[in-house]
Amino acid sequence: MNPIKKIFDLLEHDFSESGNFAKLAPLFDATKTFFFLPSPKTGIGPFIRDHLDLKRYMSVVLLSLMPVLFFGMYNTGFQSGLARGESLDFWSAFLSGAWVVMPIIIVSYAVGFFWEILFAAIRRHPISEGFLVTGMLFPLTLPPTIPLWQVALGISFGVVIGKEIFGGTGRNILNPALTARAFVFFSYPVTMSGNVWVAGANAVDGITGATALAVTADGGTSLTAALADQGFSLPHLFFGLVPGSIGETSALCCLIGAAILMITRIANYRIILGGMAGLILTALLTWLLPGTSGTWVDAGPIYHLCAGGFLFGISFMATDPVSAPGTNPGRWIFGFLIGFLTVILRVANPAFAEGVMLAILFMNVFAPLLDHLVMKHRISKRIPNV
Amino acid sequence: MAPSKGFKLKLAGMPDTSVIRLSRPATVGVSALDIPHIRPKLLVKEKEAVKTGTPLFHDKRDPDIRYVSPGTGTVKQIRFGPRRRLIEVVIALDGMDDFVAFDPVSPADLNTLSDPDLIDRLKQGGMWQTLRQLPARDTADSSTPPPMIIVCLNGNDLFSPHPGRVLQNRIKQFEFGLAILQRFSDRIIVAARKSAMDRLEPVKHRITHQVADIYPAWDPGAILYHIKTKAEENQAWYIHVEGLIRMAQFLETGRYPVETMVTVTKGHDKKPHMITRPGAPVRLLAGNYPSDSVITTGQLNGRKVDPDTHLGFFETTLNILPNAPDDEMFGFLKPGLNKPTVSKTFLSCLVNKEVQLDGTLHGEERACINCGYCETICPVDLMPSFIMKALHGDDIEEALQLGLLDCCRCGLCSFTCPSKIELTQILSLGMDTHHKDKQG
């Protein structure tokens, strides 16, 4: 018999109804099912069932996040080296980046799981696998310089207020990871916006500057020239060797993740493609407006697509099935309006350089309304059977 | 008519088209478990002698609907389940059949019988209930004429008997059966799976609809959904070809027909079609199988059967599903070449070969995450997760508006749900409750 299985069998009694740790049964259950995929007999029909379960489902999302995670680690180290004026080789950049990023991820998972276990123990239900994704998404939206206590506070807000008070996984209105980020964004604006986020820059004094979306050009130069001047040339934005939040900088890695999600049909392609269409069309429209050169109004669709967190948001955040619409036409509209609102927020509201977070949260609120309208329409098309 | 949604995995176990005749069983049974909505009242006692055709129990809601003994002998046992729910009446067979006899009606004489007489004859003979009525699938209501009658040549399961085999040497009875149905409705739909057409040449001119070879396209509910044009057609009647033939045999001979065809599937075995008595013992049909298997009368929309009971009145197939091996270590991380799925999350979706599924959940129940797999697979374009939420909120009106009664109980939403929610059960319960309320 498998030795690990033996350990679980030994401990099973302590966590059972009559055991000493009955309250912690969800924790035991989650750990055990992590090691051994449970497969109880089907009691009622249908008697055969698909092999896909939520563990697999969420594992695929985590897999799709690996490119942005690993690239984020490398880029964090690379930017930090750049700021110190050192040129790091690949592995030392990666390792120094990982040294900064891993604590953020560990704190996010540890604090988030604490809340998950607490609520699961009180409500006596198993721990949902959904948190595996939330706990990874949230750190990737943060700057590497974030203080760890803010990470802890943010994920607590996201899990408790964003999800658990609504009833837990599957019942939340807003995406918990984005709720957490919005909380940190509005509570601690100094750490979350404005200055370039470069981890490990304590050796250097007074780095000032802005993320790509905060750049504007003055005196007749075009925005693209101003961007290139500050290190945000299009190839840099596409491959992601620019300062920014851990996971969002590389458009390429986000696209790889989106491709994995769309090929495995875990994310709905309608949301991602609809979002890109919305962004591109709106950016084209603002680009055609006269007299705007030098600002993001004039940036054009390619820059809007590659800069900032849009691709990260639309691929990983907007496609969260719980907070997105459940009907296909609803998903197209939902995605399209996220793209539209992202550009509008970027160009029309100087208070927020980045628009995608608010665009997604705003559309999360409207997702049930979109579903409602689509269903009204579908009901009118059905031959009634009442 | 081209329904494109449904079950597209290739399952192993298609039975061989050869036919064998099983030996005479020692007992036969009439099960009450596969008769929907029935409230049975027993008409016999244990140890009582019965003839082939003697009523064993009737439906309290309409005492004219009788379920009769499929053999001659003595009532060996009347089995009850929890809360004294009737499970089945078991008959120990005598050597010879002694029939409750009715006047034979030849096809030429059919029109000499008036409608009420014909209906009464079929009810007395225990044959009327082969006609059932959508959407609740209750016994057909003889007091109102149906908008159409759907004749299903294929059974409930993927591996139900091949209609070409069921109809072999029974073409005359089939034609007679259609003539009987024409007494009740002008509109007769005869539907068959495309893959079954190879052996249906003699009745090809009678087939009005060839349906796609995607489960459950041949289910009467799915057929009706795709052909109906107005709300009145929802009350259509349907009958399976086995029932139609037996109905015709009964009228023609005046005796309860004592032969039926069943299939048994087990893994990659290709078992022949079997001719046996209606209500044959499950053990006789199943043969040898691993002790921890699950035996069902339809792997997606049947019921689980106890091997010591008998096959039901409407049932024509048994699936023997193996039990899963032990819980798999880090199972969710495996590439999954041998894990069949309709999703694209295991490598198995790249391999196009016959697969075998075991009778386990492959996961644990979780909250609905609104992923939409149920909607993607539903053959009648329902949104099962939304209907489930409406039913959980006790909003039957919304559930009905969303098309609850179009549900054909195919089981695919439960099959595909990654959260392992028993959607089919929830929707079925909603439909049954609604039907019960309507009956008052």
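Would you mention how many residues in segment A:268-289 are under 21 Å from the mean Cα position of the chain (by Cα) and aromatic (Phe, Trp, Tyr)?
Adding up the residues that qualify gives 1.
Is it the case, given these coordinates, that A:Phe340 is closer than 30 Å to A:Phe186 by Cα, more than 18 Å from the chain's Cα centre (by Cα), part of a loop (DSSP other than H, G, I, E, B) and away from every other protein chain (no Cβ under 12 Å)?
Taking the combined requirement at face value, the residue does not satisfy it.
Among (1) at pLDDT 90 or above; (2) part of a helix (DSSP H, G or I); (3) under 24 Å from A:Ala318 (Cα atoms), where does A:Leu118 come up short?
A:Leu118 satisfies all of (1) at pLDDT 90 or above; (2) part of a helix (DSSP H, G or I); (3) under 24 Å from A:Ala318 (Cα atoms) except (3).
With the structure loaded, tell me whether A:Phe47 is in a loop (DSSP other than H, G, I, E, B) and within 14 Å of another protein chain (Cβ to nearest Cβ) or whether it fails that test.
Here the answer is yes, as A:Phe47 does meet what is asked.
Here are some residues: A:Gly274, A:Gly244. Which one is among the small types (Gly, Ala, Ser) and at pLDDT 95 or above?
A:Gly274
Among the strands (runs of 3 or more DSSP E) confined wholly to segment B:48-126, which include 2 or more residues that are hydrophobic (A, V, I, L, M, F, W, C) and more than 24 Å from the chain's Cα centre (by Cα)? So that I can check it myself, show each step before the final result.
Working: elements: B:55-59, B:62-68, B:73-80, B:86-93.
Per the criteria, B:86-93.
What helices (runs of 4 or more DSSP H) lie completely within segment B:375-440 and have 2 or more residues being in the same structural domain as B:Asp141 (by TED's automatic domain parsing) and in contact with a Cys (Cβ under 6 Å, 6 or more places away or on another chain)?
Qualifying helices (runs of 4 or more DSSP H): none found.
Just to verify a result, which residue in segment A:327-386, among those that are free of Cβ contacts under 8 Å to residues at least 40 places away in the same chain and among the β-branched types (Val, Ile, Thr), is farthest from B:Cys378 (Cα to Cα)?
Filtering segment A:327-386 for residues that are free of Cβ contacts under 8 Å to residues at least 40 places away in the same chain and among the β-branched types (Val, Ile, Thr), the one farthest from B:Cys378 (Cα to Cα) comes out as A:Val386.
Looking at B:Gln439, B:Gln401, B:Gln425, which is the one that is surrounded by fewer than 22 Cβ atoms within 10 Å (Cβ to Cβ) and more than 10 Å from chain A (Cβ to nearest Cβ)?
Going through B:Gln439, B:Gln401, B:Gln425 in turn, just one is surrounded by fewer than 22 Cβ atoms within 10 Å (Cβ to Cβ) and more than 10 Å from chain A (Cβ to nearest Cβ): B:Gln439.
Exactly one of (1) more than 14 Å from every other protein chain (Cβ to nearest Cβ); (2) in contact with a Gly (Cβ under 9 Å, 6 or more places away or on another chain) is unmet by A:Phe15. Its number?
It is condition (2) that A:Phe15 fails.
From B:Thr309, B:Thr276, which residue is over 22 Å from B:Arg193 (Cβ atoms) and surrounded by fewer than 21 Cβ atoms within 10 Å (Cβ to Cβ)?
Sole residue among the options that is over 22 Å from B:Arg193 (Cβ atoms) and surrounded by fewer than 21 Cβ atoms within 10 Å (Cβ to Cβ): B:Thr309.
Restrict the check to segment B:144-164 and report whether at least one residue is more than 22 Å from B:Leu300 (Cα to Cα) and of a type in the set (D, E, K, R).
no
Within segment B:319-367, work out how many residues are polar (S, T, N, Q), within 8 Å of chain A (Cβ to nearest Cβ) and over 14 Å from A:Leu54 (Cα atoms).
4
If A:Thr134 passes every condition in (1) under 16 Å from the mean Cα position of the chain (by Cα); (2) over 22 Å from A:Leu69 (Cβ atoms); (3) in a helix (DSSP H, G or I); (4) β-branched (Val, Ile, Thr) but one, which one does it miss?
Going through the list (1) under 16 Å from the mean Cα position of the chain (by Cα); (2) over 22 Å from A:Leu69 (Cβ atoms); (3) in a helix (DSSP H, G or I); (4) β-branched (Val, Ile, Thr), A:Thr134 breaks only (2).
Could you list, in sequence order, the residues of segment A:81-117 that are closer than 26 Å to A:Ala177 by Cα, among the small types (Gly, Ala, Ser) and touching a residue at least 40 places away in the same chain (Cβ under 8 Å)?
Correct list: A:Ser96, A:Gly97, A:Ser108, A:Gly112.
Regarding B:Asn370, is this residue in the same structural domain as B:Arg409 (by TED's automatic domain parsing) and in a loop (DSSP other than H, G, I, E, B)?
yes
If A:Leu370 passes every condition in (1) surrounded by fewer than 19 Cβ atoms within 10 Å (Cβ to Cβ); (2) more than 27 Å from A:Val68 (Cβ to Cβ) but one, which one does it miss?
Failing condition for A:Leu370: (1).
Within segment B:233-351, considering only strands (runs of 3 or more DSSP E) that don't extend past its boundaries, which have at least 2 residues that are out of contact with any helix residue (DSSP H, G or I) (no Cβ under 8 Å at 6 or more places or on another chain)?
B:260-266, B:294-296, B:317-321
The values are calculated or read from the model by the stated rules, or taken from the named source; none is laboratory data. Predicted model only: the values in this text are computed from it and were never measured. Glycine also receives a Cβ, built like all others from the backbone with ideal geometry; neighbour counts cover every protein chain displayed.
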